[in-house]
Amino acid sequence: MGKLNIGIIGLGAVGERLIKQFIAHPETEIVAICDVSVNRMNEIRETYVEATSYEDHRDLIHDDRVELVYVAVPPKFHHGIALDVMAAGKNILCEKPLANTYEEAKDMAEKAAEAGVMTAMNFPLPYTPPVQLFEEKLNSGIIGKLRRIDFKMHFTTWPRAWQQNPWIAKREQGGYIREVMPHYLQFIQQIFGKVTNVNSFIDYPDNEEDCEIGIIARLELEDGTPILVNGLSNIAKQEDVALRAYGEKGVLSLLNWGTLTFSSLDQEEEVLSHRDREAKMLLVDELVKAAKGEPAHLIDFQEGYEVQAVLEKLLGKN
Ligand SMILES: NC(=O)c1ccc[n+]([C@@H]2O[C@H](COP(=O)([O-])OP(=O)(O)OC[C@H]3O[C@@H](n4cnc5c(N)ncnc54)[C@H](O)[C@@H]3O)[C@@H](O)[C@H]2O)c1
């Protein structure tokens, strides 16, 4: 088999990150790109890759060379574009969150099952060494019986400096509940099991178009273990994103996406180094394996839908 031919729809801040990963990978080639902004397509072509450019996503999907379509447009366009990709019988990698409503996500998972194509989502956390080490340590019993999960997402300002775009601060598609929470819901459901009994209280500003400025929520694992969510933005504090698993023997924490710590009664909080550790798997490797029909670790649309179902409950919409 030659290289896996990639078509990319949506060339924003996040699309650009994956462009670099596809270029760096010896077994993938970006053959087509699409964005409604012609300027952005020109910029990407000049900076990264000489690929065929399309202004309409349907033309990219029907380019016979394209084997895997990566969808990195804003959330409310995921559903329509993903349906077109799957109807064309093409494999798809979609950005998180899967969709912009519960119904769209359910429809996407159902259509994926009918289409029989490979579906995957870009949830980067499970592919990182600290998260893989978190799972190993947890499974080794290091924290004893789990008593509570605590998830904090505090932002000095929202949106963050690196992600400025027209939708990220708006209630319709943006906000950190929709943007950040799905990563950690996926993480929690992968490592601890299904989340249920969602109760949330969201603090919205007066302008009905603007996204939340705070959230307090209580969720549960299926055995009743509580999960607390504490989100706050526009505060006099550095960004602080932390997931802590409190157990009877110790506490494991994932801090600011990439630092793993452990503490117990006998041990002050200590960073567990993963510096010498290579990621056990990388998303692009796994996509290549799946395209060859080999077993691969991918987060499919069904799992994306299960994340969305909890997300929409948190937002009071499902
Ligand atoms: N996986 C992650 O870690 C991660 C992190 C942040 C955001 N995201 C997700 O990635 C997606 C993209 O986010 P972003 O910050 O890059 O957004 P962005 O607004 O910067 O980029 C989106 C791009 O899509 C283009 N676009 C919009 N509609 C289109 C259409 N119909 N056809 C073709 N192009 C179209 C826009 O012109 C823009 O260039 C979102 O779903 C977001 O939630 C993922």
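Worth pointing out:
- For the stretch 89-169, the alpha-carbon coordinates run over 45, 36, 24 Å along the three principal axes, in decreasing order.
- Karplus 3J(HN,Hα) series, Hz, for the stretch 57-69 with 6.51 cos²θ - 1.76 cosθ + 1.60 (x for Gly, Pro): 4, 5, 5, 5, 4, 8, 6, 4, 6, 6, 9, 10, 9
- Gyration tensor (alpha-carbon) shape descriptor, the stretch 33-104, a/c threshold 1.5: oblate
- Helix-only mean residue ellipticity at 222 nm for the chain, each DSSP H run of n ≥ 4 adding -39500 (n - 2.57), per residue, nearest 500: -9500 deg cm²/dmol
- Net +/- balance of residues flanking residue 36 in space, Cβ distance below 11 Å, scoring K and R +1, D and E -1: -2
- By DSSP, the beta bridges lying fully in the chain are antiparallel in about 55 percent of cases.
- Whichever lysines have a C-alpha closer than 17 Å to that of residue 317, once near sequence neighbours (fewer than 8 apart) are set aside: 76, 106, 170
- Within the same chain, lysines fewer than 8 places from residue 145 are excluded, and of the rest, those with a Cα less than 28 Å from its Cα are 137, 194, 249, 280, 313.
- For the chain, the solvent-accessible area with a 1.4 angstrom probe is 46 square angstrom per residue.
- Sorted largest first, the principal axis extents computed over the alpha-carbon atoms of the stretch 129-278 equal 48, 35, 26 Å.
- Alpha-carbon centroid distance for the pair the stretch 34-108 / the stretch 115-155, whole angstrom: 27 Å
- Peptide packing: for 220-231, 66-77, the average count of neighbouring Cβ atoms within 10 Å per residue gives the ranking 66-77, 220-231, highest mean first.
- Kirkwood Rh in Å, taken over the chain so that all alpha-carbon pairs contribute: 20.6 Å
- Counting only residues at least eight positions apart within a chain, or on another chain, the lysines with an alpha carbon under 17 Å from that of residue 292 are 3, 90.
The values are calculated or read from the model by the stated rules, or taken from the named source; none is laboratory data. All figures in this text were calculated on a predicted structure; none of them were measured in a lab. Quick reminder, even Gly has a Cβ in these numbers, built from the backbone with ideal geometry, and neighbours come from all protein chains shown. Please note that ligands, DNA and RNA were not included when accessible areas were found on the heavy atoms of the full protein model with its side chains. Shrake-Rupley method; radii C 1.70, N 1.55, O 1.52, S 1.80 Å.
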